[in-house]
Amino acid sequence: MKAYILAFPEKQWENYTLPVAGEPVVGLTERRLRLSKRIDEVITVVRRDRLRTYSLHVSNPLPVSARSRMEALLKALPEAPFFLVEGNMPLVMPFLVNYMTGLFYENEPEALIPVWRDGTAEVAHAVYDSDALRDAIEAALAEGYRSLGRVVEFLDYEPLPIEELAKRNPKVTLSFFRVRNSFDVRFAEETLEKMRGQI
């Protein structure tokens, strides 16, 4: 299965090249995805005007011109099912990616989206059927929505309860951690160091 990293900043402060343990967060996210046995190719969706920057940090950047992440993803959609993750998630857990892709192929839903107990869907850490996501994004855009989080309203998706998985393996929750500032960088670096020490 292909994995798509969405490294498409919409706001000025969003930075997917923020260094974590001496490596840009987007590059670290790609490296963690490649540890998954079920991922055979990783593609990073980037702004066309930032292609030069990202080509230094990721192996397969896909430049797109769009006004939002949702439009960028629509333009970059592959033909087959794919795993989507945001470019600032350096703690993505390969075992969880493997589990989710296996479950997706077993049940064949339109999407397999992890959901927190409060109902928050992790749309940028999910497995999607490409055609179903295309239809959902087009419907969301037609309704005037610009946030990727709104696609769940137009998908018949299978929810994956995060807290239930975390009861079996607490590291599951780390997979959804996003690096947004220097405090997040410190936490990510410390966590990565602890995980290296446990291997």
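Extension gain, Thr53 to Arg178, is 42.9 nm, computed as 0.36 nm per intervening residue step minus the present C-alpha separation. Each DSSP beta bridge with both residues in the range 1-88 is either parallel or antiparallel, and the antiparallel ones are about 10%.
Solvent-accessible surface of protein heavy atoms, probed at 1.4 angstrom with all chains present, puts Lys11, Lys37, Lys167 in the order Lys37, Lys167, Lys11, largest first. The share of alpha-carbon pairs in the range 83-191 lying farther apart than 19 Å comes to 47%. The loop-placed GluC sites (Glu not before Pro) in the range 126-182, going by DSSP, that have at most 12 neighbouring Cβ atoms within 10 Å of their Cβ come out as Glu143. Note on the chain: lysine pairs with Cα distance below 29 Å, sequence gap of 8 or more or different chains, count 13.
Between the amide H of Glu86 and those of Leu6, distances stay under 5 Å, these residues lying 5 or more places away or on another chain, with hydrogens modeled in the peptide plane. Rg/Rh for the range 15-133 stands at 0.95; both radii use Cα atoms, and Rh follows the Kirkwood definition.
The heavy atoms of Leu174 offer some 40 square angstrom of accessible surface to a 1.4 angstrom probe. For the residue pair Glu23 and Ala80, what label-to-label distance in nm results when each label sits 7 Å from Cα along the Cα-to-beta-carbon direction? Distance between the two pseudo-spin positions: 2.5 nm. In the chain, helices alone account for a calculated mean residue ellipticity at 222 nm of -11000 deg cm²/dmol, with every DSSP H run of four or more residues adding -39,500 (n - 2.57).
Using DSSP to call loops (not H, G, I, E or B), can you name the chymotrypsin sites (Phe, Trp or Tyr not before Pro) in the range 64-138 whose Cβ has at most 15 other Cβ atoms within 10 angstrom?
Here the chymotrypsin sites (Phe, Trp or Tyr not before Pro) that fit, given the DSSP loop and packing criteria, are Trp116.
Calculated FRET efficiency, Leu141 to Thr191, Cβ-Cβ distance, R0 = 25 Å: about 0.10 to the nearest 0.05. Over all alpha-carbon pairs of the chain, lay out the pair-distance distribution in 5 Å bins, whole %, shortest bin first. Reading upward from the zero bin: 1, 8, 16, 21, 22, 18, 10, 4, 1, 0.
Against the compact-protein benchmark of 2.2 N^0.38 Å, the Cα-based radius of gyration of the range 135-199 scales to 1.59. Rounded to the nearest 5, what % of DSSP beta bridges with both residues in the range 43-199 are antiparallel? Antiparallel bridges: around 45 percent, rounded to the nearest 5.
The values are calculated or read from the model by the stated rules, or taken from the named source; none is laboratory data. For clarity, every value in this text was computed on a predicted model and none was experimentally measured. Please note: Cβ atoms are built from the backbone with ideal geometry, for glycine as well, and neighbour counts cover all protein chains shown. Keep in mind that these areas ignore ligands, DNA and RNA; they rest on the heavy atoms of the full protein, side chains included. Shrake-Rupley method; radii C 1.70, N 1.55, O 1.52, S 1.80 Å.
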